[in-house]
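The values are calculated or read from the model by the stated rules, or taken from the named source; none is laboratory data. All values reported here derive from a predicted model rather than from experimental measurement. Neighbour counts are summed over all protein chains in view; Cβ atoms, including those assigned to glycine, are modelled from backbone coordinates with ideal geometry. Only protein heavy atoms, including side chains, enter the accessible area calculation; ligands, DNA and RNA are left aside. Shrake-Rupley method; radii C 1.70, N 1.55, O 1.52, S 1.80 Å.
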Amino acid sequence: MLCASVLSFVSIPFFGHLSDQIGRKNMYMIGAAVTGVFGFIYFAMLNTGYEAIIFFAVIISLVPHDMLYGPQAALIAESFTGRLRYSGSSLGYQLASVIAGGPAPLIATWLFGTYHSSYAIAVYIAICAVITLVATALMTDYTGRDISGEYE
């Protein structure tokens, strides 16, 4: 995890910067798609049983997360006008953590216990990625726009 964190130290700002170039919404959707696919790749790598492959899987496992996390703060904050930006983005971020992030480990544990396969967890990740893609597609991208006034 330390090696993965060192990689994230570089990749989070990189994907944040890249989102400035290609749009936050685009970067976020790319990250969601990669995350949905990577769940299957990740568990396939873990299931090999080879220490070097497992080590590599863990190191690169945060990159799809970083593709989402880099542009996330700006994407969420820009979705609200100035008078609602702080409370709106904070409330949305915190509720998402409680509603989606909090139960995720419990759901993953239940899926593995029920289906005795890590691929059930990968399917869950893919379903969450599809929900993320749909929700993000419905958002307006304010990358590079003046966000100082009220939105239409």
Note to self: Checking the condition in contact with a helix residue (DSSP H, G or I) (Cβ under 7 Å, 6 or more places away or on another chain) and either surrounded by fewer than 15 Cβ atoms within 10 Å (Cβ to Cβ) or within 23 Å of Ile12 (Cα to Cα) (or both), which residue from Ile54, Ile121, Ile127 passes?
What the structure shows: Ile54
Notebook entry, point to check: Restricted to region 42-54, and to residues that are assigned to a helix (DSSP H, G or I) and in contact (Cβ under 8 Å) with a residue 12 or more places away in the chain, which residue is nearest to Thr136 (Cα to Cα)?
Noted result: Tyr42
Notebook entry, point to check: Could we say that Thr35 is over 18 Å from Thr136 (Cβ atoms) and either among the hydroxyl-bearing types (Ser, Thr, Tyr) or in contact with an Asp or Glu (Cβ under 8 Å, 6 or more places away or on another chain) (or both) here?
Noted result: no
Note to self: Restricting to region 80-117, count the residues that are part of a helix (DSSP H, G or I) and more than 24 Å from Asn47 (Cα to Cα).
What the structure shows: 17
Note to self: Condition first: part of a helix (DSSP H, G or I), surrounded by 16 or more Cβ atoms within 10 Å (Cβ to Cβ) and of a type outside the set (A, V, I, L, M, F, W, C). Now tell me which residues in region 7-32 satisfy that.
What the structure shows: Ser8, Ser11, Gly16, Ser19, Arg24, Lys25, Asn26, Tyr28, Gly31
Note to self: I'd like to verify a number: residues in region 33-51 that are open to solvent by 50 Å² or more (accessible area, probe 1.4 Å) and under 20 Å from the mean Cα position of the chain (by Cα), how many?
What the structure shows: 5
